[in-house]
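The block underneath contains the structure these notes are about, expressed in structure tokens.
The values are calculated or read from the model by the stated rules, or taken from the named source; none is laboratory data. Not measured: the values here are computed from a predicted model. Every residue, glycine as well, gets a Cβ built from its backbone with ideal geometry; the counts of neighbours run over all protein chains shown. Side chains are part of the model used for accessible areas, which takes the heavy atoms of the whole protein and leaves out ligands, DNA and RNA. Shrake-Rupley method; radii C 1.70, N 1.55, O 1.52, S 1.80 Å.
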Amino acid sequence: MLFEPPQRLVRALGEAYPEVAADWLGRLPGLAEEAVTRGKLAVERVQNPGGRSSLVVLVRQQDGTPAALKIAPEAAGPAAERAALAHWNGWGAVQLLDGDAATGELLLERLHSEVSLRSLPEAKALLEAAGIVRRLWIEPPPEHPFETVAERTARQAAAMRAADPALAPLVGAALAARDELTASADELLLLHGNFRQGKVLAGDRAPWLAVGPEPLVGERAYDLARLVRDRVEA
């Protein structure tokens, strides 16, 4: 099958979105074929192992320019990712070239997926990451579709309350900290939402560019909190 989804994607979607994964994965080859035909793209290969929430197909546009076709289920938030990439317009992030919001597809500039900031020594990687994430912190567009930090963490808090009762003291402390930190919104900037070293890839247009945002709006500390937990094993 030309657009057979990698097993990593099949497993991850089954765990994250069990109610829609099987149906979407069944339709995925057809969605990919339609996207390639509509964009008049030449297929090179499916990226494998690829991501955990989308199929990525390495393609070339009509003029021979390399690109990456990314197709994700609605539950994974491709519409929000599209809106954020369009607003950044290549500033610190991968450039959105084209796509179809209705089918969850994004045509992106081709980056070097095999080279992320995780390939660098920790100190150098953090320095580069700090420079990239600062570029992403801009005012969101008017009437934007992004949820706030308070809204996202409220959903996450609901899941935490169902945790093992033995973890109640730890969960209680975490939820109390969440309530305190989200009590006021001193700034509402567009955030990456899942910023870590593996989400910054080497590029040709710029040395490093961010990919795979789960965008939201709020205080920049949200992105930094995720970054400082990265590579804790080091």
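Residue 117: net charge of surrounding residues, Cβ under 11 Å, Lys/Arg +1, Asp/Glu -1, itself excluded? In short, +2.
Taking amide H as placed 1.01 Å from N in the peptide plane, the amide H of residue 98 sits under 5 Å from that of 107, each at least 5 places away or on another chain. Mean Kyte-Doolittle of at least -1.0 plus a Cα span of 20 Å or more along the axis: flag which DSSP H helices in the chain meet both, please. Those that pass (Cα extent of 20 Å or more, hydropathy at least -1.0) are 21-39, 122-136. Using the Cβ of residue 2 as centre and a radius below 11 Å, the other residues enclosed give a net charge of -1, where K and R count +1 and D and E count -1. Here the Kirkwood formula, the inverse mean of 1/r across different C-alpha pairs, assigns the stretch 89-223 a hydrodynamic radius of 16.8 Å. Ligands, DNA and RNA left out, the accessible area of the stretch 30-83 computed with a 1.4 Å probe is 47% carbon and sulfur.
Per residue, the stretch 41-129 exposes 47 Å² of accessible surface when a 1.4 Å probe is rolled over the protein heavy atoms with every protein chain present. Using only the C-alpha atoms, the convex hull of the chain corresponds to 142 Å³ per residue.
Applying the criteria of a DSSP loop state and at most 12 other Cβ atoms within 10 Å to the trypsin sites (Lys or Arg not before Pro) of the stretch 1-91 yields 40.
Shown here for the stretch 1-91: GluC sites (Glu not before Pro) in loop regions (DSSP other than H, G, I, E, B) with at most 13 other Cβ atoms within 10 Å, namely 19.
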